[in-house]
Each structure stands twice: as structure tokens, then as C-alpha cells.
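Colleague: Quick one: this structure, given as C-alpha cells, is what I'll be asking you about.
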Amino acid sequence: MQFRQPHLLHAGGWRIIENQLPEVARAVRLAGGVPWNRVSFAPPSINDRASRAGDEKFDAVNARRPVLEHALAAAAESRVDVRRGVQVTGLLSDKPGHVAGVRIAGGTDLRADLVIDAAGRRSPLPGWLAAAGAGGPAEDAQERGFTYYSRFFRTRDRAEPPSFRGDLYTPLDSCSILAIPADSGTWSVTVYINSRDHALKALRAEANWARLLGACPLHVHLLAGLEPVTGVLPASGIVNRLRDLVVDGVPVATGVLAVGDSWACTNPSGGRGVTLALMHAAVTAEAVGEHLGDPLALSLAHHEKTSQRLLPWYRSSAQLDQVRLAQISAMAEGHPAPSATPSDPAAARMRNFAVAMNWDADAFRAFHEMTEMLALPDQIFARPGMTTRINEAAAGRGLPAQPGPTRTELLALLS
């Protein structure tokens with residue numbers, strides 16, 4: 001499913017590719033990957049629009065998922081033995097609690113010093129561990145309740161896509177819109193809703209989907225006179241899920257590591273999945289380089305590095321999902337919207353941050369260091385004077401209303 005869906009490579013992910021996989025960066029550029037920089041999406045409410053030293057840290061290049069994966073696959077095949085069309089059916093174990101390789105369909109065994117599970121959010125690893133006599137991972141899954149309706153477009157002459165108005169992300173009353181530039185004159189537009197909001201599931205029909213975009217001043221130009229590449233691509237059943245192979249300080253098995261979505265998968269509305277996976281791959285390479293000869297030390301070091309560097313990003317994504325789902329759920333169910341001034345200090349802090357970034361150039365850049373996965377919220381708030389600046393910029397202001405239909409107007413469009 002994800003292969004066909006939109007995705008966004010954040011600046012934090014592009015930095016890893018440029019620094020550690022330069023041949024992949026070259027291939028993505030040659031394939032028409034589009035350079036972009038979050039600073040160029042500053043809202044019109046910010047008066048100070050001058051570029052600054054350091055803005056280059058927001059530089060990134062985005063492409064459709066097949067283009068990126070082709071570049072990654074070509075780099076892999078130049079370095080390792082890639083066996084396509086081979087089905088892994090289980091794990092080998094030469095002693096209790098240790099993985100010594102994988103079983104291949106047809107009865108072949110492939111022994112290995114280390115097995116890395118990069119099979120994604122639907123990885124069968126828990127069942128394989130149980131069959132090999134190992135313990136089960138600790139797992140926490142949260143159904144976030146979003147349904148996505150996406151379409152890809154391109155210019156007829158394969159030229160640059162039209163300019164984007166506003167930010168990539170636009171929250172409306174009871175849905176959100178993501179518009180993402182891609183490669184070779186293509187881009188995607190995604191509408192996502194609360195999965196329980198049955199009235200809005202009519203957006204799966206192309207005509208209804210187009211009616212919504214046609215009523216959005218920031219997005220209507222993305223449809224005019226252009227060539228659709230796909231129909232509406234639905235996606236649902238997305239969960240935030242964390243799977244930990246170290247339980248109470250003890251690995252459920254040595255000789256195996258879970259990486260990327262196999263370890264933790266997030267709701268794709270934040271576009272963090274690919275960047276999170278690249279960050280985790282870098283952490284894994286570091287741990288393997290230090291401890292490959294000691295399976296127990298490797299498992300524990302990988303867990304510690306993952307917990308320190310990756311787990312805060314997963315928790316941040318889950319928290320953002322919770323806030324947005326509460327907002328659109330209230331609209332769909334006819335309940336009062338969540339308080340504009342939440343009583344929880346952490347929530348209030350993030351609310352002020354989201355407001356301030358619409359008015360203050362420094363807050364805008366700091367906020368997008370977070371969205372571009374360059375710095376965690378706690379790292380940003382720890383900077384001298386940052387909290388004061390954010391609070392001053394947010395004082396007496398609310399989140400600006402985004403141009404687009406209200407829920408009542410949207411339901412009328414779909415009727």
C-alpha cells in the first residue's frame with residue numbers, strides 16, 4: 001500500500017542520504033527529484049521574510065516512493081548480495097533465545113551472524129520468534145482512526161508543478177489536506193478524515209474529492225488544467241505501533257534486530273515514516289559496527305540507542321495525532337471543540353508554539369526544525385529565551401483560520 005501512496009522526505013532524512021548514501025542522493029536528483037525548503041512556505045502573516053544564514057539546513061529533495069526505492073535498491077545491489085523473489089518463512093535457532101539465520105521457502109536455510117527485520121509494519125517477526133522458541137516482543141498499538149484519500153497529478157509537459165500556496169499541511173474543520181511536491185513535475189494531494197466520520201467517506205469518489213479541493217482557495221489551482229496520474233487512492237487501518245525486542249532489560253532473542261516500521265510505525269499524515277526509518281538505519285549501522293561480535297551487547301546497545309534517539313520522535317508523532325484526532329472527532333460527532341487553552345502544561349506549550357510560528361520568523365523556523373525532524377521539541381524549548389519568545393508571539397492570538405469549507409458547507413458539497 002505504501003509504495004503507491006504519497007510520502008515526504010524531510011530535511012532530517014535527506015541529510016542522512018546526502019551524508020551516508022551520496023550515490024542515492026545523486027540518483028534521486030537525476031530521476032527528477034524536486035528540491036524544496038520549508039522556509040519557502042512561510043505564511044503571509046510573517047513580516048520578516050528575508051533569508052537567513054542556516055536556512056540551508058531545511059534543504060531537501062523529494063520524489064515519489066518508487067523513485068526513492070529504486071535509488072536505494074540500486075545502491076544496495078552494488079554492495080551486497082540481493083536475492084529477489086525469495087520468500088523467508090521463519091527463523092533459525094541454534095540455541096534457546098538466539099537467532100542464527102532464516103528459513104527460505106523450498107527448504108533452504110540461510111545462516112547469518114545477524115538478522116535484520118526491515119519487513120515493515122506488517123512484519124511476521126513476532127510469530128517467527130514464537131515458533132523459534134523465543135519470547136514475544138513488548139507491543140503497544142494505538143488505532144488513530146484516520147482514513148486517507150490521495151491523488152497524484154502532473155503537468156502535461158512534465159514541467160515544474162504549480163506553486164504551492166500556504167503550507168504543505170492545511171487543517172480544516174473536520175478534515176486535513178496535505179499537498180506534497182514530488183519528482184518529474186508530479187505532486188500529490190491527500191485528504192484525510194476521522195475513520196468513523198461516515199458522512200465524509202463519500203470523498204472516495206473522484207467527483208466529491210474534486211469538489212472539496214475546488215472549494216479550497218489554497219488548493220484549487222492544483223487541479224486546473226492538469227493531468228491526473230491516479231484516481232483516488234484510499235488508505236485506512238493505520239496504527240501507531242511500537243514493538244520492543246528488549247523486555248524488562250532482557251532481549252527476547254539475540255541475533256535479530258527490528259528496524260524502521262518493524263520497530264515502530266506511525267500515522268503517515270506527518271510524513272515521518274521514511275525519515276524515521278533512515279534515522280533508525282543509521283543508528284543500527286552504528287550499533288552493529290560497535291558490537292557485531294557480541295550478540296547480547298549488540299541487542300542492548302541497539303535498544304539503548306533506539307530509545308534515546310528514536311523513541312522521542314515516535315512519542316511526538318503519537319501526541320500530535322492525538323491532538324488532531326480529538327479536533328476532527330469533535331466536529332464529526334457534534335461535540336464542542338477541544339479547549340483553545342489546554343490545562344496540560346505540555347499541551348499548552350505546544351499550542352503556543354503552533355500559534356507563534358504563524359507570526360514570528362524565529363518561531364517559524366524553530367517549529368519546522370521539529371516538523372523536518374532536525375530537532376526535538378524539548379531541545380528547542382531548552383534554548384535560552386525561546387519559550388519567552390514563543391509565548392510573547394502567541395499572546396492574545398489564536399491559530400489562524402484556514403480558507404476552505406466549514407463542515408456544514410462540506411456536507412452540502414457531498415450531498
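Colleague: Please name all residue pairs, on different chains or six or more residues apart, with Cβ atoms under 6 Å, provided the first residue is in the stretch 125-139 and is under 12 Å from Pro96 (Cβ atoms) and touching a residue at least 24 places away in the same chain (Cβ under 8 Å) and the second residue is of a type outside the set (Asp, Glu) and assigned to a strand (DSSP E or B).
Modeller: These pairs meet every condition: Ala132/Leu91.
Colleague: Right, something else. Of everything in the stretch 388-410, what is touching a helix residue (DSSP H, G or I) at 6+ places or on another chain (Cβ under 6 Å) and more than 22 Å from Arg351 (Cα to Cα)? Give them in sequence order.
Modeller: Passing the criteria: only Arg407.
Colleague: Provide a single number: the residues in the stretch 14-46 that are in contact (Cβ under 8 Å) with a residue 60 or more places away in the chain and either in contact with a Cys (Cβ under 9 Å, 6 or more places away or on another chain) or within 21 Å of Val355 (Cα to Cα) (or both).
Modeller: 7
Colleague: Please determine whether any residue of the stretch 385-392 is among the small types (Gly, Ala, Ser) and either part of a loop (DSSP other than H, G, I, E, B) or under 25 Å from Ile193 (Cα atoms) (or both).
Modeller: Step one: of the stretch 385-392, the residues among the small types (Gly, Ala, Ser) are 385.
When the remaining residues are screened for being either part of a loop (DSSP other than H, G, I, E, B) or under 25 Å from Ile193 (Cα atoms) (or both), the result is 385.
Yes.
Colleague: Residues in the stretch 330-341: is at least one under 22 Å from Leu212 (Cα atoms) and touching a Pro at 6+ places or on another chain (Cβ under 8 Å)?
Modeller: Looking for residues that are under 22 Å from Leu212 (Cα atoms) and touching a Pro at 6+ places or on another chain (Cβ under 8 Å), one finds at least one in the stretch 330-341, hence yes.
Colleague: Okay, next question. Would you confirm, using the coordinates I've provided, whether Ala363 is loosely packed, with under 15 Cβ neighbours inside 10 Å and either out of contact with any Asp or Glu (no Cβ under 9 Å at 6 or more places or on another chain) or within 20 Å of Gln327 (Cα to Cα) (or both)? I'd like the intermediate steps shown before the answer.
Modeller: Values: loosely packed, with under 15 Cβ neighbours inside 10 Å: no; either out of contact with any Asp or Glu (no Cβ under 9 Å at 6 or more places or on another chain) or within 20 Å of Gln327 (Cα to Cα) (or both): yes.
No.
Colleague: Which of the residues belonging to the stretch 393-408 are part of a loop (DSSP other than H, G, I, E, B), among the aliphatic types (A, V, I, L, M) and at pLDDT 90 or above?
Modeller: Here is the first cut: in the stretch 393-408, the ones part of a loop (DSSP other than H, G, I, E, B) are 395-406.
Add one more test, that the residue is among the aliphatic types (A, V, I, L, M), and what stays is 395, 399, 401.
Selection gives Ala395 alone.
Colleague: If you take the residues in the stretch 90-103 that are at pLDDT below 95 and either β-branched (Val, Ile, Thr) or in a loop (DSSP other than H, G, I, E, B) (or both), which one is nearest to Val250 (Cα to Cα)?
Modeller: Filtering the stretch 90-103 for residues that are at pLDDT below 95 and either β-branched (Val, Ile, Thr) or in a loop (DSSP other than H, G, I, E, B) (or both), the one nearest to Val250 (Cα to Cα) comes out as Gly97.
Colleague: Now, a different point. Out of Ala138, Ala112, report the one residue that is assigned by TED's automatic domain parsing to the domain that holds Val250, small (Gly, Ala, Ser) and modelled with pLDDT under 95. Steps first, please.
Modeller: Details: Ala112 fails: modelled with pLDDT under 95.
Testing whether each residue is assigned by TED's automatic domain parsing to the domain that holds Val250, small (Gly, Ala, Ser) and modelled with pLDDT under 95 leaves just Ala138.
Colleague: Keeping to the stretch 8-43, report how many residues are crowded, with 22+ Cβ neighbours inside 10 Å, part of a loop (DSSP other than H, G, I, E, B) and either in the same structural domain as Thr284 (by TED's automatic domain parsing) or not aliphatic (A, V, I, L, M) (or both).
Modeller: 2
Colleague: Within the set of pairs 6 or more residues apart or between chains, which connect a residue that is on the phi > 0 side of the Ramachandran plot inside the stretch 173-199 to a residue that is part of a strand (DSSP E or B) and crowded, with 22+ Cβ neighbours inside 10 Å with Cβ atoms less than 8 Å apart?
Modeller: none
Colleague: Right, here's the next one. Looking at Ser299 and the list (1) under 27 Å from Gly97 (Cα atoms); (2) in a strand (DSSP E or B), which single condition is not satisfied?
Modeller: The number of the failed condition is (2).
Colleague: Go through Gly120, Gly90, Gly97 for me and flag whichever is out of contact with any Ser or Thr (no Cβ under 9 Å at 6 or more places or on another chain) and among the small types (Gly, Ala, Ser).
Modeller: Numbers: Gly120 fails: out of contact with any Ser or Thr (no Cβ under 9 Å at 6 or more places or on another chain); Gly97 fails: out of contact with any Ser or Thr (no Cβ under 9 Å at 6 or more places or on another chain).
When all the criteria are applied, what remains is Gly90.
Colleague: Inspect the stretch 336-352 for any residue being outside any loop (DSSP other than H, G, I, E, B), within 25 Å of Ala60 (Cβ to Cβ) and either out of contact with any Ser or Thr (no Cβ under 6 Å at 6 or more places or on another chain) or not assigned by TED's automatic domain parsing to the domain that holds Val61 (or both) and give the result as yes or no. Spell out how you get there, then give the answer.
Modeller: So the first thing to find is which residues in the stretch 336-352 are outside any loop (DSSP other than H, G, I, E, B), and the list is 345-352.
Narrowing the set further to residues that are within 25 Å of Ala60 (Cβ to Cβ) leaves 350.
Still in the list and also either out of contact with any Ser or Thr (no Cβ under 6 Å at 6 or more places or on another chain) or not assigned by TED's automatic domain parsing to the domain that holds Val61 (or both): 350.
Yes, because at least one residue in the stretch 336-352 is outside any loop (DSSP other than H, G, I, E, B), within 25 Å of Ala60 (Cβ to Cβ) and either out of contact with any Ser or Thr (no Cβ under 6 Å at 6 or more places or on another chain) or not assigned by TED's automatic domain parsing to the domain that holds Val61 (or both).
Colleague: Quick check: is even one residue across the stretch 90-105 closer than 23 Å to Thr284 by Cα, touching a Phe, Trp or Tyr at 6+ places or on another chain (Cβ under 7 Å) and of a type outside the set (Phe, Trp, Tyr)?
Modeller: Scanning the stretch 90-105 turns up at least one residue that is closer than 23 Å to Thr284 by Cα, touching a Phe, Trp or Tyr at 6+ places or on another chain (Cβ under 7 Å) and of a type outside the set (Phe, Trp, Tyr).
Colleague: Further question on the same structure: Tally the residues that are in contact with a helix residue (DSSP H, G or I) (Cβ under 9 Å, 6 or more places away or on another chain), among the small types (Gly, Ala, Ser) and surrounded by fewer than 19 Cβ atoms within 10 Å (Cβ to Cβ), restricting the search to the stretch 64-92.
Modeller: The total comes to 4.
The values are calculated or read from the model by the stated rules, or taken from the named source; none is laboratory data. Since this is a predicted model, take the numbers as computed values, not measurements. Counting neighbours? That spans all protein chains shown, and the Cβs are built from the backbone with ideal geometry, glycine included.
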